[in-house]
Amino acid sequence: NGSAQFSTGSYYFENSTNSFFLSNGLSMQSSRFTTSINVPYVVQSTPWISYTYVGGIPTGGTQNGEVHQSGRQDRQGSGRRQNAIPLADTTSYSKSGFSDPTISASFTILSNRYHRLIVSLNGNLKVPFANPSNGFGTGAWDTGVGVSVSKGIFQNMMVFANSMYWSLGDMDELELKDAVSYAVGLGFFINRGTVMFNSSLNGMTQVAEEFDAPISLNLGTGLNMYERISLNANVSTGLSEASPDFSFGLGWSIRL
């Protein structure tokens, strides 16, 4: 399985960052248990966005100390930022390289075909493989545990939601808070379930005091082909300064 995503945004910096994110992995599945490992590769125009399993975080990368100082000094009593953080693109970094791999596991604790209800317990472990000086990782372990729920409604529709508690490791000069990621959405199936359209709201609680909580609105479609191949595409727009302004992605899964 894998995915490719392009995103662009200024976040809360003066200049924009363009990112291309390619992830490939292998999954093994039994009747109730699934485990997988994914290895991402990143091509990026600046080192200011660090990658986690739930997406990019605008830590400042090699200049996370500047983000810490500027972010705290620029807050009003309302908590909103007055000015963009100026970061000079003067650090030495690689514009492409591997980011941190992630090991994931999921266990289905309830699967009721009559009520079209599925409940799963999920866990994730991000391994600090990437050097933060390259701008692709935080240099720390991240662990997450959570639950996901999907429920069929009417004949060709479903609602879904997931949430995960994350213990995020700190960077050298920037403290990352433990956070909760979440997603809620609606899916619609046609052509006997081989084609799906969905929309969702994805976000996370505040990761650092220096910037707002990331949140985005997503639209997607999926296609099941030949019982072994699944394809999907999605577009999203950021609703806060901690999310990219625009993202477009493709995904695939091939059953061996």
Problem set entry | Residues located in segment 226-256, provided they are open to solvent by 50 Å² or more (accessible area, probe 1.4 Å), without any contact (Cβ under 8 Å) to a residue 40 or more places away in the chain and over 19 Å from the mean Cα position of the chain (by Cα) | Y226, E227, R228, I229, R255, L256
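Could we say that S19 is without any contact (Cβ under 8 Å) to a residue 60 or more places away in the chain and at negative phi here?
Working: without any contact (Cβ under 8 Å) to a residue 60 or more places away in the chain: no; at negative phi: yes.
When the stated conditions are applied, S19 does not pass them.
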Exercise. Which one is most open to solvent (accessible area, probe 1.4 Å) among residues in segment 146-182 that are free of Cβ contacts under 8 Å to residues at least 24 places away in the same chain and within 30 Å of T17 (Cβ to Cβ)?
Worked result: Y165
For this session: Tell me which residues, restricted to segment 130-173, are closer than 21 Å to F188 by Cα and part of a strand (DSSP E or B).
Result: S148, V149, S150, K151, G152, I153, M157, M158, V159, F160, A161, N162
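Just wondering, is there one or more residues in segment 211-226 that are at positive phi, at pLDDT below 95 and outside any strand (DSSP E or B)?
Going residue by residue through segment 211-226, those that are at positive phi are 226.
Still in the list and also at pLDDT below 95: 226.
Still in the running and outside any strand (DSSP E or B): 226.
The answer is yes, given that some residue of segment 211-226 is at positive phi, at pLDDT below 95 and outside any strand (DSSP E or B).
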Seminar exercise, completed: Expected output for segment 118-131 (first residue over 24 Å from Y41 (Cβ atoms), partner among the hydroxyl-bearing types (S, T, Y) and open to solvent by 60 Å² or more (accessible area, probe 1.4 Å), Cβ below 7 Å, 6+ apart or cross-chain) is I118/S111
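Select from segment 187-222 the residues that are under 28 Å from R116 (Cα atoms) and open to solvent by 70 Å² or more (accessible area, probe 1.4 Å) and list them in ascending order.
Step one: filter segment 187-222 for residues under 28 Å from R116 (Cα atoms), giving 187-204, 216-222.
Result: F188, N191, R192, F197, L217, L219.
The values are calculated or read from the model by the stated rules, or taken from the named source; none is laboratory data. Since the model is a prediction, treat every value here as computed from it, not as a measurement. So basically every Cβ, Gly included, is an ideal-geometry build from the backbone, and we count neighbours across all protein chains shown. Areas reflect the complete protein model, heavy atoms only, side chains present, ligands, DNA and RNA absent. Shrake-Rupley method; radii C 1.70, N 1.55, O 1.52, S 1.80 Å.
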